[in-house]
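Participant: Pasting a structure here, questions to come.
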Amino acid sequence: MVYYISFILIGIGIYGFLTQKNLFKHLISLTIIDTAINIFIISLGYISGEEAPIYSKYTPIANFVDPLPQALVLTAIVIGVGILALGVSLLIKVYEKYGTLDVEEIVAKEGK
Amino acid sequence: MIPISYLVLVFLFGSVVSYLITKANRIVGAIFNFLLTFYALFVLWNLEIGHTEKLFSILEGVENTFKVSSLGKYFSIISLIVISLVSFFIIEWIRKKPSRPAAFNAFVLIMSAGIIGVFFSNDLLTLYIFWEIAVLGSFLIVPMGKEDSKKAAVIYVVTSAIGSYMYLFATFSIYNKYGILEFDQVSRFLLNEPSNLFKWFIILFIASAGIAKSGIFPLHTWLRITHGNAPDAFSAILSGQLVKMGSYVLAISLSVFPSTKLLASFYSGVPLLNYILIWLGNISIIIGTFMAIRQNDMKQLIAYSSVANGGYILVGLGVMNSIGYAGGLFHVFNHAIAAAMIFLSFAAVVYRTGTTKIDEMGGLIWKMPWTFVTYLVGIISLAGIPPTSGFISKWMIFNALLTKGMFVTLTITFIGSVGSFLYVFRPLAGVFLGQLKKKHYEVKEVSPVMLIPMLVLTLLTLFIGVYPKPVLDFIVSIENSLGIKPIEYSGTIIKTSLGQWDTLTVFTMFAVGFIIALVLYIIFPRGKKVELTDQYTGGEYLFNYDLYHYATGFYRFLERLYDKHPSFEKLYGMLVSFFKSMGEIINELFYKVSPSGYVFWISIVILILFWVRW
Amino acid sequence: MRRFLSALIVLGLIMFFISTLPLIPEFGKASLSKVSRAFIDKDVNGNGGNIQYGVSKDLENGAANVVTSIVVDYRSFDTLGEVTVLFTSALGVGIILSGYKRKKFGREPNFILRVSVGILLPLILLFGAYVFIHGHLTPGGGFPGGTIIAAGILLLYLSNEEFDLSKTVKFVEGISGSLYVIVGLLGLAVSGVFLINFLPTGVVGNLFSSGIVPIIYILIGFKVGAELSGIVAELHREG
Amino acid sequence: MSALLIAVPLLIAFLFVPLKNKIKYILPFVALFSLILILKLPIEQVNFLGGWKAPFGITLVLDNSSYYSLIVVNIIFFLLSLIPQIIEKDLSLIFLILMASINGLILTGDLFNSFVFLEITSVAAYILSSSKRNYYGAFKYLILGSIAGAFYLLGTLYSYIGTGSLNLADISKNINSEFLAVVPILIFIGLAVETKIFPLAGWVPDVYASGSALTPAILATGVTFSMMYLFGRIFITVFHGEFLNVVYIFGLITVVVAELSALKQDNLLRALSFSSIAQAGLFLSVISMNSYESLTAGYFHLLNDITAKFVLFIIAASIGKSFIKNKTTGIAFSIASFSLIGFPLFAGFRSKLLILKTAFLNQNYILPIILLFATIIEIAYVLRWNIKLWYPDNILPQEKEKTQKLSWNVNLILLIVALVIIVIGFYPDIYLKIAQNIASGLTNYRAYVTNVLGGM
Amino acid sequence: MINVIIIFIGILMAISAIFAVESKKIIDSFIALSLMSLLSVFLFVIMKAPDVAITEASVGAGLTTAVLVLALRKIGGDKE
C-alpha cells in the first residue's frame, strides 16, 4: 500500500523535473523524491501489530518494527536538508547572476 | 661496430644537446646536427647484414630486437643521405627561417632516431614504437611553417594515426593468434595459416600504415597541405624521407610477408590483394599527376607529384617480380633524391624571394643559376628523362608491367609520365624562365653552404643515372634475402626479358646532344629581353600585373577539362564536419541540457535497463 | 505534448518500481533481519537478549531507544558522516552566498511577533535541549533537537532586524564537531577502536545510561543546531 | 588505526572552522600525515568501528586494493596541497573534508556508509564546482547528483531487504540472483553520475570547465579514482561481475559520444573534460571484461589518465592563451597530452598496449576498434590544442605583457608529475604493481569475505 | 481501518505533491510541500517510526520550508 504511495510520489517528483522550467520547482521535486524514498524505506521495515523500537514501561517486550531502516532514514533526511540548503544558496546566486530562474532564459543568457 | 640502439640513444640525447646549443647559437646547433647525421650515415654504411640487438620486452613472449636487413639498410642509407644533406642546407637556412630554431633542430634529431629505429626493427611492435617517435618528431616541426601549417600538422598526424592504428590492430591480432611478432616468424606462421581472410586482413591492415604514410590514394590528401605548408627545408625531408617510411612498410607487407606465396594468383602471377594495391597506386598516379598540374603553389605542386611517385613505387612493389620489385625500390631512391633536390631548390628560392606562388616569380634563372640547375636536374629525374637515374626505375617498372601484361596500368603510368613533364615544367617556366620581376632585381644566388648539398644531390642523381651499380647491388642483395629472383645486370647494362638498357651509352648520346644544343645556343643570336609589362600592354592601363603574368592559368586549357573533378579533400572535409556536427548534436542533447534533461536521461536509462533485464 | 511524454516516462518508471515488488515483503509483513534482531536484543557481542526496561544493566549498549542505539552507537560512523554532510553544506552555503552583513527587509517586525518571540524563545530552546538530552530514551535526539534550536534562532531573526549571529556559532559548530571526533579518538586511545563506547552503559531507561551515547547526541544537537542556524543566518546576510 | 585517515582531516576541519584562512598552510602536513600513516599501516587489516563485529557494525577494510587506492589518492591530495595558489581561500576546508570522505569511500566496507561518504564527496564537489561563479553548472550537478544519490539509497535498501545486511562482504556472500536483477540497476544509476557514464555525464563539462584549476584537478583525478575504485568494489567484489555486460555497452557508447563532442569544443577545459569522460568510459568497458588482466589494464590506464589529467587541467586552467612565458609548463603540458593520446615513450602507450592485449585475449575485437577510433579523434583535438598553445596565432604585445608566469612550485610539481609520466613510459612496474594489487584485491571476493566476516 | 487511513493520507499526499509541482506561484508550492511533509509525518507515526516522525516534522516540514521561503524572499519574492 505505502509502497504504491511512495512510487507514485517518486513518479510525481520525476514528472515535476520533466515538466517544470523553474529551478525552484526542481528543488521541490527533489524534496518530494527524497520524502517518497524515506517513506518507502520506513515501510520496508514496518511489521504490522508491532511497536516502535523503544524500550519503555509500556513496551517492555521486544516486539519491535525493524529499527535499522529508521536509523538510515534519519541519516537520509538530514543529508537531504543539507543538500537542499546548498541548492537554495546556489539558486539565489543563479538568480543574482542571470536575473531569472527559468531554465530556458538562463540557457539563452548563457549562450550570449 | 657501433650498435644501432646506441646510435638511437645518441640521437635522442643529442636532441637535448642540440636544443641547448641552438639556444646559444643557431648555426653551431645546425652544424652539430649535420655532424651527427653524417656520422650516423657513416655508421649505417658499415653495418653488417644480420647483425642483431636485443632492446627490451614490452609484451610477454616478444623480445623486441633490432636486426639489420638489406632492405632496412637500403632505406636507412637513402634516408640518412637525404637528412644529412638537408641538415647541411639548414646550416645557412636556419639563420633566417624557422620561428623556433632550437626546437626545430631537436625535433629533427628525435625524428631521425625514430627513422633509424623503424628501418632496423625486427618485429612489428618495435617498428610501431619507432614509427610513432618519428611521427612525433616530424609533427612537431610542421607547425613552424606557414599560416596553414597548424592545421596541416593535425591533418598529418591524424592521417598517420589512421594508418598506424590499423597497423597496430593487425599487430595485436597476430600477437593474439601466434604469440610472436618477429617478421620472419610471422611470415612463417602466415604461410601455414589456413584462413585466407586472416591473411588478407593482416596484409591489408599492415599495408595501410604505409598507404597513409606514403600518400597512396584514399589517404593522399594530407600530402598537399602538409608538404605545402611545412618549413621549406623540412619539406625536403618530409617528401624525400618520411614518405619513404611508408614505402618501407609497404615493401614489408608485400615482400617480407611473401604475398605471392601466401595468396593465390589472380592475374598473371599477381594475387588479388597486390592487384588491388596496384590499382590504388594507379589511382594515386592519376590523382597526383592531374592535381599537380592545377597547383599554383610550387611546393603543393611537388607534393602532389609525391603522391604520383608513391603510386609508382607501390605499382613497382606490387608487381612483385624481380624487375618490378627492383624498379619500385630503385624509384624509392630516385624519388627521395629528386624530391629533396626540388624542395631544396624551392627552399633556396623562398629563402631569397619569400614566396611560393609561381605567378609571383619569374626569370630567376639569371639570378640563381645553380639553384636552377638543381631544379632542372631534379625535374628531369622526377619526370624520368634518360640521363638521370629517374629514367632507370621508370623503365624497370614499365618493363615489369609489360612482362606481366598489365596494359591498363602501363597506360596509366605512361600518362603519369607525360603528365609529370607538364607539371614540372610549370614551375620551371614560371619561376626560373621568363621575365624577372622588378621586385626580384636584387635577388642573389644563395650562399655556397646551401648550394653544396643541392649540387651533391645533383651529381648523385647524374652519377647513379650513368652508373647505377651501387644501388643495383643493394637491390640484388635485398631480392636475394627475400627470395625473389634478382635482376640481372652487368656494369652499366641492365638486362630484362624484354631487352636491355645501357646507361652509359644513353648518357653519352644525351651528352653529345646537349653539347650540340649548347653550341647552337651560343652561336645563334638571342631574343631581345623585354619588361614583363611591355609585351602585353597595348595602350591600356595595367591594374593587376598578375593577370598578365603568363604563369597565371598556365595550364588553363588542360584544367578546363576536369574543372569539376571529385575532390577527396572536400570529401574528407565533409566527413570531419559530419563528425563535428554529430558532436554538436550530442553536446546539445546530452551535455548542455537543463536539469530536466538530466532527469529525462536518468529515466530513459532506467527504462532501458528495465527493458533489458525483464 | 511535453506533459504527455513526461507522464508516459513516469508511468514506465512506476512500472519499473512495481515490477520490483515481488522481491520485497508485503507491506506490514516484513521480518526482522539478523542485524536488526541483534540490535534490538543488544546481542551483537553475544551477551544480550531478553532486555527488561529499567532492570537490565551493563549491556553492550544501554540506550532504551533502539534507533538511537543504532544511530549513535552501532552505526555511529554513519552519523559522523552525516554531521559532516550537514557541516559541509553549511560551509558551502557560507562560501556560496558569502554575505557579510545582515540583510534588512526594511519593514519593522510586528509587535505580536516581537513579544511572543521573547516569551517563546526560552521555551523553544529548552524544548530543543530536552529533545536531544533524552534522545537515547525517547523519540527525538540530536537532529530534531538541533533543528528546534535553529528554529528558535530563525524566530530571533524574524523578530529583530538588528539580530545577527556572532562568530560564536562557528566556534560551537567547530568545537562540538571536534569533540565528536575526539570522543571517537578517545575510544581509539582507550580500547584501540575508533568510536567505541568506553563508558559504562548503566541501566536501560535511566537518563545517565548507555555510556557515550547521550554525550554524542548532545554534541550532535549542538552541532546540528549551530549548522542549521548558520544556514539560516547566511540566508539573512547580503554582501 | 585506519579510522585515523578519516578522523584526522575531519578533526582538523572542525577545529579550524573559525580560522579558515590559516588552514591553507596546514594542508600539506595533514596530507603528508595521511600518506605516512597509510605506509605504516599493515595490509589485510579490518577495522570494526565501535567494536561491533562485521555484519552488524561498520567496518573499514584495508586490503590490497583499498591500500593501494589510498596511496594513490593521498599522493594526489598531497601534491595538490603543495600548490596553495589554486586553492581559493575558503575551499581549503572543503579540501580537507573531501580528503576525509574519499579516504572513507575507499576504506568503507558498508554499503550505507559508502552512500554517506558518497554524499559528502558530492556535497564537497558541488561546493568546489560553484567556484568562479559557476552557479548554474553546480546547480545542475547538484540536482543530478542528488537524484543519483536517491537511487543509490534505494539500491542500498533493496540489498538490505535481499540479504538482511548492509555489510559489503555479507551482501556479496548472501545476495541471490533475483536481487541481482534489480540492485545493480539502482546502484549503477547512483554511481553512473560520478563515474561519468554517457547519458548521465552532462554535468562534467560545465563543472570541469568553470575556470577554476582546483575543481577539475581534484574531481578528475582523486574523486574519479575513488569512484572507479568503489565501482569496481561494488560491481566486481559484491555483485560478482553480474551486471557488467551492460556497463560494457554503456562504457563504449560513452567513449564514442564523448570524443565526438570533444571535437568541436573551442574551450580547452571543455575539451579536456570530454576527454576525461571518454577515458572513464573506456576504463569502465575495460574492467567490464571482468578478469584479473582486464582489471589490471583498466586501473593501469586509469592511473595514467589521472596522472596526465592532473597536469593538463591545472595548466589549462591557469595558463592564458599561450605558453609564451611558461615554457616549462608547456613542456609538462605536451608530455601529459602525448601520454593521454598514447604516443610511445610515454605512460599512456603502455596502458594502451595492455588494454589491447587484454581485449584480444578476451576475444573482444570491438573494444580495440573503439579505442583506436577514439584515440584518433583525441589526437586530433589534443594536438590541435598543443599547437595552438605553442604557436599562438597573433598575440598582441599587451596580451603578452598580461600573461603571468606561473610560480616555481606549480612548475616544479607539474614537471615532477610529467617526469613520472616519462618514467612510467619506460618502467611501468610501479603503476602496474598498484594496478595489479587493486585488481587482485577486487577479483578475489572469497578472500574479501573471509577477511571481513572471519572464517565463515 | 489503518489501511483506509493510509490510503486517505496517500491520496492527500499525492494531491499536495502534484499541487507543489504544478502550482503557478512558488510560495504555493512551498506550502503544498510543507503539507506533504506533514502528511508524511502521519505516515511515519502510523508505521511506528516516532524518531523519524519527529525529525521529519522539524526538519522536513519546518526548516526546509523556512529555508525555501527565506530564499524566495532573498531573491525578491514571487514572480510567478
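FYI, it's all coordinate maths here, none of it is from the lab. This is a predicted model, so every value here is computed, not measured. Using ideal geometry, Cβ is built from the backbone for each residue, glycine included, and neighbour counts are taken over all protein chains shown.
Participant: Evaluate the distance, in nm, between pseudo-label points positioned 7 Å from the Cα of D:Val423 and of B:Leu20 along their respective Cα→Cβ axes.
Facilitator: 2.1
Participant: Mind checking which lysines have their Cα closer than 20 Å to the Cα of B:Lys54? Skip sequence neighbours fewer than 8 apart in that chain.
Facilitator: B:Lys67, B:Lys73
Participant: Which distance in nm do the two modelled labels at D:Ala447 and C:Lys29 give, with both placed 7 Å along the Cα-to-Cβ direction?
Facilitator: Output for this residue pair reads 4.4 nm.
Participant: In addition: Once you order the gyration tensor axes a ≥ b ≥ c over the Cα atoms, which shape class does the stretch C:23-147 get: rounded for a/c under 1.5, otherwise prolate or oblate by comparing a/b with b/c?
Facilitator: prolate
Participant: Related question: Take the alpha-carbon centre of the stretch B:202-255, take the same for the stretch C:17-63, and report the distance between them in whole Å.
Facilitator: Taking the Cα centre of the stretch C:17-63 as reference, the centre of the stretch B:202-255 is 74 Å away.
Participant: Just to confirm my numbers, what's the Cα centroid distance between the stretch D:1-79 and the stretch B:365-430 in Å?
Facilitator: After rounding, the separation between the Cα centres reads 74 Å.
Participant: Positive end of the charge dipole of the stretch E:40-80 (Lys, Arg +1 and Asp, Glu -1 on Cβ, about the Cα centre): tell me which of E:Ala71, E:Val52, E:Val41 has its Cα farthest that way.
Facilitator: Positive-most Cα among the choices belongs to E:Ala71.
Participant: Order of C:19-26, B:371-378, D:29-36 by packing, highest average Cβ count within 10 Å first?
Facilitator: The densest-packed peptide leads the list: B:371-378, D:29-36, C:19-26.
Participant: Let me ask something additional. Using only the Cα atoms of the protein assembly as shown, build the gyration tensor, take square roots of its eigenvalues as a ≥ b ≥ c, and label the shape rounded, prolate or oblate: rounded if a/c is under 1.5, else prolate if a/b is larger than b/c, else oblate.
Facilitator: Cα axes put the protein assembly as shown in the prolate bin.
Participant: Sticking with this one: Give the residues of the stretch B:251-270 whose amide nitrogen is closer than 13 Å to a point set 7 Å from the Cα of B:Asn196 in the direction of its Cβ.
Facilitator: B:262-267
Participant: Helix D:4-15 sits at what angle to the longest principal axis of chain D, using alpha carbons and giving 0 to 90 degrees rounded to 10?
Facilitator: It works out to around 60 degrees.
Participant: A further question on this structure: Run the helix sum for the protein assembly as shown: -39,500 (n - 2.57) per DSSP H stretch of 4+ residues, divided by residue count, reported at 222 nm to the nearest 500 deg cm²/dmol.
Facilitator: -22500 deg cm²/dmol
Participant: About the Cα centre of the protein assembly as shown, what is the dipole size in debye to 20, counting +1 per Lys and Arg Cβ and -1 per Asp and Glu Cβ, all else neutral?
Facilitator: 3480
Participant: Applying 1/(1 + (r/R0)^6) with R0 = 22 Å to the Cβ-Cβ distance of E:Ile31 and C:Ile119, what FRET efficiency is obtained, to the nearest 0.05?
Facilitator: 0.25
Participant: Peptide D:361-370: average number of partner chain Cβ atoms within 10 Å per residue?
Facilitator: Average per residue, whole number: 2.
Participant: What's the FRET efficiency of B:Asp148 with B:Phe56 using the Cβ-Cβ distance as r and R₀ = 45 Å, to the nearest 0.05?
Facilitator: Efficiency for this residue pair is about 0.70.
Participant: Kirkwood-based Rg over Rh for the stretch D:208-352 (C-alpha set), two decimals?
Facilitator: 1.00
Participant: Would you tell me the mean number of C-beta atoms belonging to other protein chains that fall within 10 Å of each C-beta in A:94-100, as a whole number?
Facilitator: 4
Participant: Between B:Phe557 and B:Arg526, what FRET efficiency follows from the Cβ-Cβ distance if R0 is 22 Å, with the result rounded to 0.05?
Facilitator: Approximately 0.20, to the nearest 0.05.
Participant: Further, regarding this structure: Give the relative contact order (percent, whole number) for the stretch D:4-453; include only Cα pairs under 8 Å separated by 6+ residues.
Facilitator: This gives 17 percent for the stretch D:4-453.
Participant: Once you charge only the Cβ atoms, +1 for Lys and Arg and -1 for Asp and Glu, what is the size of the charge dipole of the stretch E:2-74 about its Cα centre, to the nearest 20 debye?
Facilitator: Here the size comes out at about 240 debye.
Participant: Taking the alpha-carbon distance from B:Lys299 and a cut-off under 16 Å, which aspartates and glutamates remain once sequence neighbours fewer than 8 residues away in the same chain are dropped?
Facilitator: Here the aspartates and glutamates satisfying the reach criterion relative to B:Lys299 are B:Glu147, B:Asp148, B:Asp232, B:Asp359, B:Glu360.
Participant: Within the stretch B:221-249, name every residue whose backbone N is under 12 Å away from a label modeled 7 Å from Cα of B:Phe568 along the Cβ vector.
Facilitator: Counting backbone N atoms under 12 Å from the label point, the list is B:221-224.
Participant: Does a label point 7 Å from the Cα of B:Arg188, set along Cα-to-beta-carbon, have any residues of the stretch B:225-268 with amide nitrogen under 18 Å, and which are they?
Facilitator: Those under the cut-off are B:256-259, B:261-262.
Participant: Let me ask something additional. Pairing the Cα long axis of helix D:347-361 with the longest principal axis of chain D, what angle in degrees results, from 0 to 90 and rounded to the nearest 10?
Facilitator: Tilt of helix D:347-361: around 40 degrees.
Participant: Using only the Cα atoms of the stretch E:2-74, build the gyration tensor, take square roots of its eigenvalues as a ≥ b ≥ c, and label the shape rounded, prolate or oblate: rounded if a/c is under 1.5, else prolate if a/b is larger than b/c, else oblate.
Facilitator: Oblate is the answer for the stretch E:2-74, as a/c is 1.5 or above yet b/c matches or exceeds a/b.
Participant: Taking 21 Å as the cut-off for C-alpha to C-alpha distance, list the pairs among B:Lys146/B:Lys244; D:Lys53/D:Lys173; A:Lys21/C:Lys104 that go past it.
Facilitator: Pairs exceeding the cut-off: B:Lys146/B:Lys244; A:Lys21/C:Lys104.
Participant: Could I ask something else about it? A 30 angstrom limit on the alpha carbon distance is what I want to check against. Which of C:Lys223/E:Lys48; A:Lys25/D:Lys264; C:Lys103/D:Lys321; C:Lys223/D:Lys40 exceed it?
Facilitator: Beyond 30 Å: A:Lys25/D:Lys264; C:Lys103/D:Lys321; C:Lys223/D:Lys40.
Participant: Something else about it: For D:Lys22, give me every one of the aspartates and glutamates with a C-alpha distance below 15 angstrom, ignoring sequence neighbours fewer than eight places off in its own chain.
Facilitator: D:Glu88, D:Asp90
Participant: Quick one: length gained pulling C:Leu126 to C:Glu108 fully straight, 0.36 nm per residue minus the C-alpha distance?
Facilitator: Working it through step by step, the gained length comes to 3.7 nm.
Participant: Would you mind checking B:Lys199/D:Lys357; D:Lys89/D:Lys433; D:Lys89/D:Lys309; B:Lys592/E:Lys74; A:Lys109/D:Lys352; B:Lys150/B:Lys357 for any pair whose Cα atoms are more than 31 angstrom apart?
Facilitator: Correct reply: D:Lys89/D:Lys433; A:Lys109/D:Lys352.
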